[in-house]
Each structure stands twice: as C-alpha cells, then as structure tokens.
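Take a look at the structure set out below.
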Amino acid sequence: MEKINSTLLTEFILTGIPYPLKLRTFLFTFFLLIYILTQLGNLLILITVWVDVQLHARPMYIFLGVLSIIDMGISTIIVPRLIMSFTLGSKSISFGGCVAQLYFYHFLGSTQCFLYTLMALDRYLAICRPLHYPVLMNAKLSILLVAGAWVAGSIHGALQAILTFRLPYCGPNQVDYFFCDIPAVLRLACADTTVNELVTFVDIGVVVASCFSLILLSYIQIIRAILRIRTADGRRRAFSTCGAHVTVVTVYYVPCAFIYLRPETNSPLDGAATLFPTAITPFLNPLIYTLRNQEVKLALRRMIGSPETKNEF
C-alpha cells in the first residue's frame, strides 16, 4: 500500500513563509520589485561586461558576468514562487517541478560557491603576484575554470536531487517552506532520512567549508600584501578592489552555513535566512559591484556615452 500511495503523489503544496495578512500586498509588491530590479541590474552588468572591450577579456569581469547569469537564474527559480505565496492563487507545484527546482537551486548555488572561490583566487594573483598575473590567469584559463565550476555544480545538484527524491513520498504533501529545498522536502518522506541528512551535511559541508577556507586563505595573503603597500592611496585602491567580493561572500556564506550546517530544526528563522542567498544577494550583487567598482562605473559611463568619460581618454 505504501508503494501505491507514493506513486500517486503528483504534487506538493508550498506553504510559503509566515507573514501577517495585512502585509500581503506590501510583501507581494516588495518581492516583485526585488525580482524585476534583480533581473535588470544583473542584465545591465552582463551587457556592460560583454560590450566594453576593456572588461570582457579580463578574468575578473568574465567571472562577474557569469555571476550575473547565476544570480538571474537563482532569482528566477525561487522568487516567482515566493511572490505567488502572497496571492490567493494555487500554491501547488508538480512533483517534477519540485525535483527541477531543488536540482537547479543546488546546481546554481554550488556553482556560485565555486565561482566566489575563483574570484578570490583571481584577486590573490592580481595583488600578490602582479608580475606573473597575465601568465597565471588569462581569459582562456578563466573560461576553462568557469566551465569546470559549471560541471562540478551540475554534479552536486544532481547528487542532491537524486538522493532526495529516491525516497518514497506518500503524504502529506505540504512543504513547510517557500520552495522545494532539501530539509523541508525530507520531512515529508515516508522512510528513514538519516543517510540523506548525513550525506547532505557532508556534501554541502565539504563544498562550503572548502570554498570558504580557500577564500579565507586567499584574503589573508591579500591583506598581508596590501599592508606592505607603502602609499595610503595604493592601499585604499587595493582594499576597494576586494571590498565588493568580501561583502558578497559574507552575505552569501553566513546564511548558507546557518541553514545547512547545523542540527535539523524547523525554525521560522530558516525561511528568513534563505531569503538572503535566494532573493537578497542576487539583488545586492549589481549594486555592490557597481557602487564599489570604479572600472564598472567607468564602463557604464562609456556605454551610455557620458561626455565626462570620453574626456578621460
């Protein structure tokens, strides 16, 4: 009977995040604006990097362009479903749709982890090995590294999706979350999830811990190199170059560690924490990289034909 029931399960119901009913219209409008601005902001960064000849051949901006693609993807996978939770319409998602959402979220999320590590490596080579940088990191190598990140991310996403949905799901079908993520979906499984929880903890833990450790080591060396710069202006420019990346990494990794690398609990804070990597970080990335990056700001001015910029060349 359990096998028959598990095959009859064709959809899940996403309950969304708890909120006061009087804030429904506000939250719907807020996250709709977040989604639109996220897409427009990241598209602007992508177009700027692609169009500007001074940026699109440089590894740092190749990585930044790929980051914009990932941010647009994560936002598109998650935020529309979040917006729907603030309406009176159906909150159901098909079984296949749930599988796809979980796969693509972890595929893009892990690829983003690897990409942040590559960006830290790029900054390390640029600041700590400036004379060797053109040889150690060039456009061709950066494209190969990005391709490797995509492949590794797809393997990670497939592993998590296969492990999660190999289990029988025979009801209830209400996912106490605003999208199909591993902890929320596993609570509905009609089988022991101990192995899944252990593998998820180890797999995600290894990805997050190894990437974060490499980023941390890179920035320890970068800070040591910056402190050896004799001029205050040189130190300021070096810190400014890395400041955007440090900000983004902090906003991304802290919530991820909170969600996946702690004992299983059904805390209301989980939903709030997940909003950062799924909705807030993709929205903030274009702002952080344009407001803190002088080269991107100059490229934007060149693209719109600012007279002031033309006078600089």
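Applying the criterion of at least 2 residues that are open to solvent by 60 Å² or more (accessible area, probe 1.4 Å) and closer than 30 Å to I304 by Cβ to the helices (runs of 4 or more DSSP H) found wholly in region 1-108 leaves 24-51, 59-84.
Checked across region 209-229, the condition of being touching a strand residue (DSSP E or B) at 6+ places or on another chain (Cβ under 8 Å), in a helix (DSSP H, G or I) and crowded, with 19+ Cβ neighbours inside 10 Å holds for no residue.
When the residues of region 117-163 are filtered to those that are open to solvent by 20 Å² or more (accessible area, probe 1.4 Å) and not in a helix (DSSP H, G or I), which remaining residue is farthest from R235 (Cα to Cα)? This residue is N138.
Figure legend. Inter-residue proximity from region 269-295: first residues open to solvent by 30 Å² or more (accessible area, probe 1.4 Å), second residues at pLDDT below 75 and of a type in the set (A, V, I, L, M), beta-carbon distance below 9 Å, spacing 6+ or different chains. Indicated pairs: L291/A244; R292/A244. Of the residues contained in region 164-180, none is found to be in a helix (DSSP H, G or I) and without any contact (Cβ under 8 Å) to a residue 24 or more places away in the chain.
The values are calculated or read from the model by the stated rules, or taken from the named source; none is laboratory data. These numbers were taken from a predicted model, which means no experiment stands behind them. Note that we place each Cβ from the backbone using ideal geometry, even for glycine, and neighbour counts take in every protein chain shown. Note: areas computed on protein heavy atoms with side chains; ligands, DNA, RNA excluded. Shrake-Rupley method; radii C 1.70, N 1.55, O 1.52, S 1.80 Å.
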